[in-house]
Amino acid sequence: MKSATQDKEYTSPIQKLVRFFEKSRDQWTAKCREAKAMLKRVKSRNRFLQKSRDAWRQQAKQLAQELAAAKAAERGLREEVEKLREGHRLAVPASDSLTDFAVIPSRHPILSG
């Protein structure tokens, strides 16, 4: 058994081995560079998506708050309208005589003026 410090003996010519090992090294280097470039792209994309998601989340929270405020304002206005309607019902007598004037013919002398 050979130890790691001992040289291996190859039967192929040295020039052939040198070309093979250089090619192997260059392929490994290219593969490593491609992996690093891909990792850099993935990290950059991840940062972009994180910022985008945070921005959308913040906008959604803001819109939810605005919606809640608008619903509260609408609820308050509806209550106010109901109170005014209740007050108006008490103040105006309910009579059917007001409906007599609701339908006036379009060629009536009053409208011709």
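The values are calculated or read from the model by the stated rules, or taken from the named source; none is laboratory data. These numbers come from a predicted model, not from an experiment. Here the Cβ is made from the backbone with ideal geometry for all residues, glycine too, and neighbour counts use every protein chain on show.
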(message) If SER3 satisfies all but one of (1) surrounded by fewer than 10 Cβ atoms within 10 Å (Cβ to Cβ); (2) modelled with pLDDT of 95 or more, what's the number of the condition it fails?
(response) (2)
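Conditions (1) hydrophobic (A, V, I, L, M, F, W, C); (2) in contact with a strand residue (DSSP E or B) (Cβ under 6 Å, 6 or more places away or on another chain); (3) at pLDDT below 95; (4) surrounded by 10 or more Cβ atoms within 10 Å (Cβ to Cβ), marked per residue:
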residue: TRP28; (1), (2), (3), (4): yes, no, no, yes
residue: LEU39; (1), (2), (3), (4): yes, no, no, yes
residue: LYS43; (1), (2), (3), (4): no, no, no, yes
residue: VAL81; (1), (2), (3), (4): yes, no, yes, yes
residue: ALA94; (1), (2), (3), (4): yes, no, yes, no
